[in-house]
Structure formats: C-alpha cells, structure tokens
Amino acid sequence: MRAPDRCLAELRERGYLVFESFLGADELAAAQEALWLHYPRPEEYFANPAAHAWLATSQWDGLIRAPWRSWDLNRLVFHPDLLDLAERFLGSADLRLYEAELWAKYAGAVDYDQRQHRDFGNHSLVVPKRSDPAAQMTSWILLSDVSEEDGPTKVVPLRVGESVPYWPDALDGSANEYVTNYLPAGAFAEEEVSVTGPAGTLFCFRPDIVHRGSRMTGDRSARFSLLANYDVWGPRWTGRVGWATHSLSPDWGELIERATPRERTVFGFPAPGDPYWDEQTLADTQARYPRADLTPYR
Ligand SMILES: O=C(O)CCC(=O)C(=O)O
C-alpha cells in the first residue's frame, strides 16, 4: 500500500516511519512461505536448535544477501510502493538499491542486544550530510509479527538523538566494533521507541538516526525481516555491495528476467535509451537472459 504523506513527513522530521499493512495479504503470505527456502521454520528450529548451529555464532549469522531463491522475496526489494516512497524521500527517480538482505533471528540462538549506534559507519565512507532531501534510506519490511518480546528495533527520535556527534569521542579511527563502542549501554533508555507491528509492516529510517537491535525475550520468538536500502546513483562514497558480484548466482537470472526495465535500474542495469544499447549488446544480453523482454531497449 502506498505510504501516505503523513509517513513521509515522519521519516523527514522524526527520522523514521512505521507503516502497517504495507504489504498486501497475498504478497506477504507468499514471501513468508519463501523464507523456508533459506531458514528453518520456527517450530523446526526450536525442536532442535543444535541442528541449526550456523545461526548461533554471531548476531549477524541470520543475514542473507539478495538474490534469494524465490521471486516472491526478490520482488519485494523493488516493490512499487517502496520505490515510490524512496523517490519521494530522496527527491530523485534515479534510485540505487545499495543493499538488500534477509535477516532471521531466533530466541536463544545468540544475544541480539546492541548499544545505540548509527549505521552510516558501514554504509558510507564519510558521514551523513545534514541535507534535505536526505541521501540514504534504510528500509525494513517485517515478515513476522514483532512484539516487545521479539527483539524489536529500538529507535531514538531524530531530535533526541541528534545531540550525539556523528563520530563520538569513544570511536577512534575506523576499525571499530560499531554497535558496542558508539554509545554506552543504556543510552537513551527512556527515549527509545520499540518498532513493533504485524507482519507486513514497513519500517524506514534516515542514515543519521540512532537505533539498536534488542534482546529477544520470548521463549520461542523468531523475527524475520527483509532489508532494502536505497540511495541515488551518483555519490561514490556510499554503498554496501556491487551487485555484479552476485550476478552468476542461480537466483539472479529470474530476477532480471522478470523485473521491469525500471526495476532493473535499481541494480545498475542500463536503462532504455542508455548509449550502452546497440545491436551487439542487445543480442548478447538476450543470450544471457533468454526470457527477458528486451524490446524496451531497442
Ligand atoms: O536488528 C535490529 O533490529 C537492528 C540491528 C541494527 O541496528 C544493526 O545491526 O545495525
């Protein structure tokens, strides 16, 4: 569902938005089913946690970068209402998907508690510019219900968190355990807000927002989310991944073949009209992606 202007204003002014029912029931159900191509179902995991030790060495074990094994997941990274929101927030239609990941967390696997921090340390080589429009948008689509027990993200409203310098004194140089050194434990305990909501909720925040992951306290909690981070093609100092690194993976072909020309551009695929396209590149690209409709590039 299209994010209303009220949400956009919240993202600009409060630094984050939480929008329930972003996904329709059918697209949510299909995406949830596809999660089990990558992760154990919660009942499977809790029946025998030791069988899933790959999820239990660090709090980041459950991260899996796109492309994934199902179109029902892949299509969500360029969901039309997400592109629409990013376009309105970032003030440009020339959007770049600079990261896309799934993230699963299971109670008891590891301690997911974090200190309050900002994410730009590994999303930019420099620091966020205090500008409007902002330069980056981080978005999370909740694929499971998230209550207070399910390790909700804890976010600090922009006006409260902005008193913290971008690079606090506790950080020296660039090699840092960011989520443990940025701010002391308990910082903003009174002001932080839990991002809870039913599956299908969209949560977005600005690159300068202070936030943290929190401990899962429910006995059998499991939290699944899909992260899609956007900026505008241009700056050379932001990013997380070069998609060509993943373009030989078995799930890549279907993604390009089924995406529209507009959707392909978020990965950096040349747009219709780009000087890249000529008879030779069209023929050879068609051979690479046999089921893609390349007529718009002619
Ligand atoms: O998982 C979450 O809720 C937040 C995680 C986070 O902020 C991080 O790893 O940088």
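The values are calculated or read from the model by the stated rules, or taken from the named source; none is laboratory data. These figures come from a predicted structure and were not determined experimentally. Note: ideal-geometry Cβ built from the backbone for every residue, glycine included; neighbour counts use all protein chains shown. Areas reflect the complete protein model, heavy atoms only, side chains present, ligands, DNA and RNA absent. Shrake-Rupley method; radii C 1.70, N 1.55, O 1.52, S 1.80 Å.
Worth a mention:
- Within the set Glu177, Glu148, the sole residue that is of a type in the set (D, E, K, R), open to solvent by 30 Å² or more (accessible area, probe 1.4 Å) and either closer than 22 Å to Trp60 by Cβ or in contact with a helix residue (DSSP H, G or I) (Cβ under 8 Å, 6 or more places away or on another chain) (or both) turns out to be Glu177.
- One residue alone among Leu76, Leu102, Leu85, Leu97 is within 16 Å of the chain's Cα centre (by Cα), outside any loop (DSSP other than H, G, I, E, B) and within 14 Å of the ligand (Cβ to nearest atom), and that residue is Leu102.
- Qualifying position, being closer than 24 Å to Leu248 by Cα and free of Cβ contacts under 8 Å to residues at least 40 places away in the same chain, among Leu73, Leu102, Leu37, Leu97: Leu37
- Within region 204-259, the set of residues being part of a loop (DSSP other than H, G, I, E, B), modelled with pLDDT of 90 or more, open to solvent by 30 Å² or more (accessible area, probe 1.4 Å) and small (Gly, Ala, Ser) comprises Gly242, Ser249.
- The one condition in (1) in contact (Cβ under 8 Å) with a residue 12 or more places away in the chain; (2) surrounded by fewer than 19 Cβ atoms within 10 Å (Cβ to Cβ); (3) more than 16 Å from Ala222 (Cα to Cα) that Val110 fails to fulfil: (3)
- Tabulated pairs, region 198-213, first of a type in the set (Ser, Thr, Tyr), second at pLDDT 95 or above and within 9 Å of the ligand (Cβ to nearest atom), C-beta under 6 angstrom, 6+ apart or interchain: none
- Summed over region 122-138, the residues that are touching a residue at least 60 places away in the same chain (Cβ under 8 Å) and either over 16 Å from Glu162 (Cα atoms) or near the ligand (Cβ under 10 Å from one of its atoms) (or both) give a count of 9.
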